[in-house]
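Chemist: Just dropping this structure here.
The values are calculated or read from the model by the stated rules, or taken from the named source; none is laboratory data. Small disclaimer: the values here were computed from a predicted structure and weren't measured. We place every Cβ from the backbone using ideal geometry, glycine too, and count neighbours over all the protein chains shown. Side chains are part of the model used for accessible areas, which takes the heavy atoms of the whole protein and leaves out ligands, DNA and RNA. Shrake-Rupley method; radii C 1.70, N 1.55, O 1.52, S 1.80 Å.
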Protein chains: 2
Amino acid sequence: MTERMIVVGGDAGGMTAAAVARRRRGEDELDIVAFERTPHTSYSACGIPYLVGGVVTDAEALVARSPADHRERGLDVRTGNDVVGIDLDRREIAVVAEGAERREPFDSLLIATGATPTRPRLPGIDARNVFGLQTLADGLAIRQVLDDRPPAHAVVVGGGYIGLEMAEALVGRGVAVALVEASDQPMATLDPDMGGMVADALRGIGVDVHLGVGVEGFDTGSDGGVSAVRAGDMTLAADLVVLGLGVKPASDLARAAGIDVGPSGGIVTDAQMRTSAEGVWAAGDCVAVRHRVSGEAMAIALGTYANRQGRVAGITMTGGVAEFPGVLGTAIAKICDYEVGRTGLREEDARRAGFDPVSARVESTTRAGYFPGATKMTVKAIADRRTGRLLGGQIIGKDGAAKRIDVMAAGIWNEMTVEEFAMLDLSYAPPFGPLWDPVALAARKVSDLIIG
Amino acid sequence: MTERMIVVGGDAGGMTAAAVARRRRGEDELDIVAFERTPHTSYSACGIPYLVGGVVTDAEALVARSPADHRERGLDVRTGNDVVGIDLDRREIAVVAEGAERREPFDSLLIATGATPTRPRLPGIDARNVFGLQTLADGLAIRQVLDDRPPAHAVVVGGGYIGLEMAEALVGRGVAVALVEASDQPMATLDPDMGGMVADALRGIGVDVHLGVGVEGFDTGSDGGVSAVRAGDMTLAADLVVLGLGVKPASDLARAAGIDVGPSGGIVTDAQMRTSAEGVWAAGDCVAVRHRVSGEAMAIALGTYANRQGRVAGITMTGGVAEFPGVLGTAIAKICDYEVGRTGLREEDARRAGFDPVSARVESTTRAGYFPGATKMTVKAIADRRTGRLLGGQIIGKDGAAKRIDVMAAGIWNEMTVEEFAMLDLSYAPPFGPLWDPVALAARKVSDLIIG
């Protein structure tokens, strides 16, 4: 008999799981049906700032696989279908489409409801031209505003990666941009010293950066559009506002069904992506991930995690062996010429997790110092003083600097000490770096501090 | 009482060891004397092709530390001093300088005699304008020829990294270049499929590539300069010949003293860089390195190994704890726009080492596919079918493709399986790669082949 797998939500985690399951089981064995509220599946949310900035012109290019592509591959994808309930006892979901609710039975269920952008209930937040940044529709709407009536002043609220990328995109479109961030630095996932360098870089490209200031509300003009942002004792002129305040796991549906949701708001799963309910899996931004170093359960919305979790769920839901081994919070961003990468624990995180952090920051270059085009890069390495274990890494630079964070991620992942990391057999030739690769150099400096 | 450490040879391994030892022990505790035959110490041999090509104009820029710099840092560096014997019983070395031989006592000895370029006894090899490529003097001499009387035709003998870099440098100087390589592919450290792509790239930049052909001799013109290279049934016009036939460990001095030298020709050491003789260490290109995956003892001349071994020797010679943990043969090269990286075992190496290799080759991009400036890159991953262990990686591409080999090196180093490697938390943003980083994608494809 043909079994039926239902995917709730078109998050990348769900669509990857569906595709992997289809590769492993033919249509005679397994029906796969995915229900998604919006018209889109499988697009690159990370590409939206580049769509707004005009770096990417064709919105279709961001769509990895359209619903039609999925259908061609044997997946029954139903967009405009909003799942409103999960009945674990009856093994059914409740779906609303075109105003009517109906029930759909499942043998196995995958929850891939993704994440919801944070949108605080501030006065004026519903004014025209105050945009979120989560969906392709958001990105297209902002681009339309820029094309139709370019704003004189834009305010980006929130100094995370996507806020910074949006600030860059708007600067690139010739708009005067202010950034308002409630904490004392942009990119809260960096240590303060490295975050300070990012703030300097932002100011360097002309962004008016306001740190340690919370947004209190939005003024509206006579035309119903936003006219200013009120933050602390400032009133910042704004005819466009972009909210980059992060996202929260969309776990309400799971919670309502009695499925375990953790303190981070993410659905709790085991390494096979099984939830607390028999026959129910979850993958993607709606899930809590385990940090491999701190052991902490966290909500981090990243397409790379969604895809990997989807792969695991697709394999385990069809009887195979796979596991999602946790995360390090590795991230990278490009702000004009600057590149920023980070992985693992910050000093503060390390302290909280019970380590005794010791760190070193080195200035190095992207090519051999004597090689034309060499640019400066800063690498910070953080280790545990007692064991020498590498705990975290952060990089700021230009011209290929930040992608080197992946080597530090691999070192942290494998619980390498800084001394061993400095001994790693990394590639060297003058066009690619100095003889001591900057990441190895940073580890060596920390090791010197430990061994004395 | 002040002890006396002697360094034989100015190889990077020796000078690093001396500097590290000096940092750990003051001049009141330890005398450090280094004897080097040539006038130079601590320069970037890898930078020589760029000096020849004119990318780097100032030869001084390649010198990391001159003898005078070392002296300022408390190291007694004596250039023009040729060590001709080591007397282990008397704890003395014999040194020839300015025609006179004398003896110098030591408490601890570090052999850092480096490597000697291969120069086969072929007819005509001593003709004018047939150059080796090992020393700064070689590089300066070739550049002089190019500046004084630019050759019409150059032949590079040997298709290793440095041969290819020289071919590029000469093309860049407007010379017609032929490359002759005895084996069936350039870059013998790549699998044949990847080596074939390199050959295509070389031809693409106008190099006349001859594979599977050995050089038999050199014709000399009436002026005493080389006029042609004879190879197989070809006679290739050449008014400049560059020999890039690799190097051999300079271990004769050690062998003559009764110190163990391995089958690779490299001096045998333990992980602390101690030789078979009490109180005698060795570091750098004269030493045999252990391949971490195959266990094989190999001679690989690389500045990165020399520096790391020097660090270890400098620490252990002064009573500290450190070890050189072996190598993976990681390497990288840039040939015009193309970049090539490799690490670990080739398929053939894996088979010889008793593994059952399974591999996948993927085409991916250096940025998200939709991002402007994305260029194609090819990644090959090799694993053991029985255990899934990642054994080797190879990359060919442009624009920052090849440096990603370091992540594969870190994965192989830590004995990761391809399935776990595919799950690594690598950084992602559209300007830096697709959602599945190319190296993770290659590993995932191999894992798919294994898990079915």
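Chemist: Starting from the Cα gyration tensor of the protein assembly as shown, take the square roots of the eigenvalues, sort them a ≥ b ≥ c, and report rounded, prolate or oblate (rounded when a/c is under 1.5, otherwise prolate if a/b is larger than b/c, else oblate).
Modeler: Details: a/c = 1.95, a/b = 1.83, b/c = 1.06.
It comes out prolate by the Cα gyration axes.
Chemist: Can you pull the semi-axes for the stretch A:57-215, root of five times each eigenvalue of the Cα gyration tensor, sorted largest first, whole Å? Please list the in-between numbers first.
Modeler: Numbers: eigenvalues 293, 77, 54 Å².
Largest first, the stretch A:57-215 gives 38, 20, 17 Å.
Chemist: Turning to a different aspect of this structure: May I have the count of lysine pairs in chain A with C-alpha atoms under 18 Å apart, counting pairs 8 or more residues apart or located on different chains?
Modeler: Close lysine pairs under the 18 Å cut-off: 10.
Chemist: Residues with beta-carbon under 14 Å from that of B:Gly279, excluding B:Gly279: net charge, scoring Lys, Arg +1 and Asp, Glu -1?
Modeler: Numbers: positive: B:Arg4, B:Arg90, B:Arg91, B:Arg274; negative: B:Glu3, B:Asp87, B:Asp89, B:Glu92, B:Asp107, B:Asp270, B:Glu278.
That sum, taken over residues with Cβ under 14 Å, equals -3.
Chemist: Let me ask something else. Report the relative contact order of the stretch A:69-153, percent, no decimals, based on alpha-carbon pairs under 8 angstrom and at least 6 residues apart. Let's see the in-between values first.
Modeler: Working: 61 pairs, mean separation 11.1, N = 85.
Reported relative contact order: 13 percent.
Chemist: Taking every DSSP beta bridge that has both residues in chain A, what percent is antiparallel when rounded to the nearest 5?
Modeler: 60
Chemist: In the stretch A:232-337, what trypsin sites (Lys or Arg not before Pro) fall in a loop by DSSP, with at most 15 other Cβ atoms inside 10 Å? Show your work: numbers first, answer last.
Modeler: On the way: sites: A:Arg255, A:Arg274, A:Arg290, A:Arg292, A:Arg308, A:Arg311, A:Lys334; in loops: A:Arg292.
Of the trypsin sites (Lys or Arg not before Pro), not one in the loops of the stretch A:232-337 has a Cβ with at most 15 other Cβ atoms within 10 Å.
Chemist: Hey, what's chain A come to in accessible area per residue, 1.4 Å probe, Å²? Intermediate results must be reported in sequence, preceding the final value.
Modeler: Working: 16660 Å² over 452 residues.
On a per-residue basis, chain A sits at 37 Å².
Chemist: Which percentage, to the nearest 5, of the DSSP beta bridges contained in the stretch A:45-202 is antiparallel? Please report the intermediate quantities before stating the final value.
Modeler: Details: 11 of 16 bridges.
Expressed as a percentage, antiparallel bridges in the stretch A:45-202 total about 70.
Chemist: May I ask for the Kirkwood hydrodynamic radius of the stretch A:218-267, worked out over all distinct Cα pairs and given in angstroms to one decimal? Kindly include the intermediate steps, with their values, before the conclusion.
Modeler: Numbers: mean 1/r = 0.0719 Å⁻¹.
Kirkwood radius, the stretch A:218-267: 13.9 Å.
Chemist: Find the centroid of the Cα atoms in the stretch B:393-409 and in the stretch A:405-436, then give the distance between the two in whole Å.
Modeler: Spelled out, the Cα-based centre of one part sits 14 Å from the other.
Chemist: Quote the charge dipole size of the stretch B:305-388 about the Cα centre in Debye, to the nearest 20; the model charges only the Cβ of Lys and Arg (+1) and of Asp and Glu (-1). Kindly include the intermediate steps, with their values, before the conclusion.
Modeler: Working: 13 positive and 9 negative charges, 13 e Å.
Around 60 debye, computed over the stretch B:305-388.
Chemist: List the residues whose amide H sits under 5 Å from the amide H of B:Leu391, counting only those 5 or more places along or on another chain, with H placed 1.01 Å from N in the peptide plane.
Modeler: B:Ile382, B:Ala383, B:Asp384
Chemist: Can you tell me what percent of all Cα-Cα pairs in the stretch B:162-258 are more than 19 Å apart? Before the final figure, lay out each step's value.
Modeler: On the way: 2326 of 4656 pairs.
Of the Cα pairs, 50 percent sit more than 19 Å apart.
Chemist: Also, quick follow-up: Based on Cβ point charges of +1 for Lys and Arg and -1 for Asp and Glu, what charge dipole magnitude is obtained for the stretch B:295-452 about its Cα centre, in debye rounded to the nearest 20? Before the final figure, lay out each step's value.
Modeler: Numbers: 19 positive and 18 negative charges, 59 e Å.
So the magnitude is around 280 debye.
Chemist: Once you list every other residue whose beta carbon is under 12 Å from the beta carbon of A:Gly132, what net charge do they have if Lys and Arg are +1 and Asp and Glu are -1?
Modeler: Surrounding charge for A:Gly132 is -1.
Chemist: Same structure, new question: Provide the descending list of Cα extents for chain B along its principal axes, expressed in whole angstroms.
Modeler: Cα spread of chain B along its principal axes, largest to smallest: 66, 60, 39 Å.
Chemist: Out of the total accessible area of the stretch A:38-115 (probe 1.4 Å, heavy atoms of protein only), what percent is carbon and sulfur?
Modeler: Details: 1610 of 3500 Å².
For the stretch A:38-115, the apolar C and S fraction of the accessible surface comes to 46 percent.
Chemist: Can you give the accessible area of B:Tyr305 in Å² (nearest 10), computed on protein heavy atoms with a 1.4 Å probe?
Modeler: About 10 Å², ignoring ligands and nucleic acids.
Chemist: Placing +1 on the Cβ of each Lys and Arg and -1 on the Cβ of each Asp and Glu in chain A, which of A:Thr366, A:Ile48, A:Ser222 has its Cα farthest towards the positive end of the resulting dipole?
Modeler: A:Thr366
Chemist: So, one more: I need the phi-derived Karplus couplings for the stretch B:57-65: 6.51 cos²θ - 1.76 cosθ + 1.60, θ = phi - 60°, integer Hz, Gly and Pro marked x.
Modeler: Each residue's phi maps through the Karplus curve to give 9, 9, 4, 4, 4, 7, 8, 5, 9 Hz.
Chemist: How shielded is A:430-439 by partner chains, expressed as the average number of their Cβ atoms within 10 Å of its Cβ atoms? All intermediate terms of the calculation are to be shown ahead of the outcome.
Modeler: Values: counts 11, 10, 10, 3, 2, 11, 6, 3, 0, 2.
Neighbouring Cβ atoms belonging to other protein chains average 6 per residue here.
Chemist: Let me check something: with ligands and nucleic acids excluded, how do A:Trp436, A:Trp413 order by accessible area (1.4 Å probe), largest to smallest?
Modeler: On the way: A:Trp436 30, A:Trp413 5 Å².
From most exposed to least exposed: A:Trp436, A:Trp413.
Chemist: Going by accessible area, probe 1.4 Å, with all protein chains left in place, what is the ranking of A:Thr16, B:Thr343, largest first?
Modeler: Values: A:Thr16 25, B:Thr343 0 Å².
Descending accessible area places them as A:Thr16, B:Thr343.
Chemist: Ok, one more. For the stretch B:319-375 and the stretch B:48-66, what is the separation of their Cα centres, given in Å?
Modeler: 27
Chemist: A further question on this structure: What gaps in nm, shortest first, separate A:Leu211 from its twins in the other copies when you place the label 7 Å past Cα toward the beta carbon?
Modeler: Spacings between copies for this position, smallest first, are 5.4 nm.
Chemist: Let me ask you something else. Using the basic label-point model (7 angstrom from Cα toward the beta carbon), what is the B:Ala141 to B:Ser183 distance in nanometres?
Modeler: With each label placed 7 Å out from Cα toward Cβ, I get 2.7 nm.
Chemist: With every protein chain kept in the model, how would you rank B:Ser227, B:Ser44 by accessible area, 1.4 Å probe, largest at the top?
Modeler: Working: B:Ser227 50, B:Ser44 20 Å².
Of B:Ser227, B:Ser44, the descending order of accessible area is B:Ser227, B:Ser44.
Chemist: Let me ask you something else. Obtain the nm distance between the two label points defined at B:Arg149 and A:Ile451 by a simple spin-label model: each point lies 7 Å from its Cα along the Cα-to-C-beta direction.
Modeler: In this crude spin-label approximation the distance works out to 5.3 nm.
Chemist: Can I ask one more? Per-residue HN-Hα couplings for the stretch A:320-326, Karplus 6.51 cos²θ - 1.76 cosθ + 1.60 at θ = phi - 60°, whole Hz, x for Gly and Pro?
Modeler: Each residue's phi maps through the Karplus curve to give x, 10, 6, 8, 8, x, x Hz.
Chemist: Between the label point of A:Arg102 and that of the same position in each other copy, find the distances and list them shortest first in nm, with every label point placed 7 Å from Cα along the Cα-to-C-beta direction.
Modeler: Inter-copy label distances (nm, one decimal, shortest first): 10.1.
Chemist: Also, I was wondering about something else. So, taking all protein chains as they sit and a 1.4 Å probe, how much accessible area belongs to A:His40, in Å² rounded to tens?
Modeler: Rounded to the nearest 10, that gives 60 Å².
Chemist: Here's another thing I want to ask about it. Ratio to report: Rg/Rh of the stretch A:102-195, with Cα atoms as the point set and Rh obtained by the Kirkwood method; give two decimals.
Modeler: Values: Rg = 17.4 Å, Rh = 15.9 Å.
Ratio value, two decimals: 1.09.
Chemist: Also: Taking amide H positions as placed in the peptide plane 1.01 Å from N, state which residues far from A:Gly217 in sequence (5 or more) or on other chains have amide H under 5 Å from it.
Modeler: Long-range HN contacts for A:Gly217: A:Arg230.
Chemist: Under the convention of a label 7 Å out along Cα→Cβ, give the distances in nm from A:Asp89 to the same position in every other copy, shortest first.
Modeler: Reported distances to equivalent positions: 9.6 nm.
Chemist: Could you tell me the relative contact order of chain A? Use alpha-carbon pairs under 8 Å, at least six residues apart, and round to a whole percent. Intermediate results must be reported in sequence, preceding the final value.
Modeler: On the way: 1091 pairs, mean separation 61.3, N = 452.
It comes to 14 percent, rounded to a whole number.
Chemist: Taking amide H positions as placed in the peptide plane 1.01 Å from N, state which residues far from A:Gly433 in sequence (5 or more) or on other chains have amide H under 5 Å from it.
Modeler: The list, which skips near neighbours in sequence, is A:Ala368.
Chemist: Could you work out the relative contact order of the stretch A:102-202? I mean the mean sequence separation of Cα pairs under 8 Å and 6+ apart, divided by the number of residues, in percent.
Modeler: Values: 74 pairs, mean separation 17.8, N = 101.
With pairs under 8 Å counted, the relative contact order is 18 percent.
Chemist: Report the Cα centroid-to-centroid distance between the stretch A:209-242 and the stretch A:150-202 in angstrom, as an integer.
Modeler: 15
Chemist: How much accessible surface area, in Å² rounded to 10, belongs to the heavy atoms of B:Lys248 with a 1.4 Å probe?
Modeler: 130
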